[in-house]
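Here the structure is laid out as structure tokens; the discussion comes afterwards.
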Amino acid sequence: MAGEMRRAFDRTFTEAPSLGHDDVEDVLAIRLNGAPYAMRVRDVASVHADRAIVPVPGPEPALLGLAGIRSVIAPVYDLRLLLGGVGGGAPRWIVRARAPQPIALAFDGFDGQHRVARDRIVTGDGGALVREQGGERMRPIVDMARVLERVARLGGPR
């Protein structure tokens, strides 16, 4: 399953954009402590499952350790903690963020990749939300810029 999802994700970078691509946004549907969230594909360099994370000593609980991702060593942060939630068991999934320095974010579940119409994305005071297909349920969209700012304040990659 992970291999199939990785190939689908990689395909989005090799396929020619369809007409009207300005009217859609590609998002990853993820879960943090069982709660649904979304991440913009444009903020993500790669998605990985079951990577070994080597713990490193330090006072910051959000820093889970280091992982090798495509020949690069990246610090891995617990996205649940960075967004103000609580940590749980070891997260299965990580994304390497599209950032100047290597950084990876860990999360619990991956529900798939979706192309959504921009009119299904709502922006408000609390940030952006995406309406799920065929329903009224909303997924908060992770604000990658804010997450990276938080990591920088913690003393992580800048």
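Considered as a group, the residues in the stretch 132-149 that are surrounded by fewer than 16 Cβ atoms within 10 Å (Cβ to Cβ) and at pLDDT 85 or above include one that is nearest to residue 97 (Cα to Cα), and that residue is 145.
Would you confirm whether or not the stretch 88-100 contains a residue that is β-branched (Val, Ile, Thr) and under 30 Å from residue 131 (Cα atoms)? Yes, the conditions are met somewhere in the stretch 88-100. Of all residues in the stretch 56-90, exactly one satisfies the criterion of being among the basic types (Lys, Arg) and under 18 Å from residue 140 (Cβ atoms), namely 80.
This table checks each residue for (1) surrounded by 12 or more Cβ atoms within 10 Å (Cβ to Cβ); (2) in contact (Cβ under 8 Å) with a residue 12 or more places away in the chain; (3) over 30 Å from residue 60 (Cα atoms).
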site: 75; (1), (2), (3): yes, yes, no
site: 80; (1), (2), (3): yes, yes, no
site: 86; (1), (2), (3): no, yes, no
site: 103; (1), (2), (3): yes, yes, no
site: 107; (1), (2), (3): yes, yes, no
site: 113; (1), (2), (3): yes, yes, yes
site: 130; (1), (2), (3): yes, yes, yes
site: 151; (1), (2), (3): yes, yes, no
site: 154; (1), (2), (3): yes, yes, no
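Screening the candidates 59, 75, 36 for the property of being over 28 Å from residue 122 (Cβ atoms) and modelled with pLDDT of 90 or more yields one hit, 75.
Of 67, 99, 74, 145, which residue is in a loop (DSSP other than H, G, I, E, B), aliphatic (A, V, I, L, M) and within 16 Å of the chain's Cα centre (by Cα)? Only one candidate passes the filter, namely 99.
The values are calculated or read from the model by the stated rules, or taken from the named source; none is laboratory data. Since the model is a prediction, treat every value here as computed from it, not as a measurement. Cβ atoms come from the backbone with ideal geometry, glycine included; neighbour counts cover every protein chain shown.
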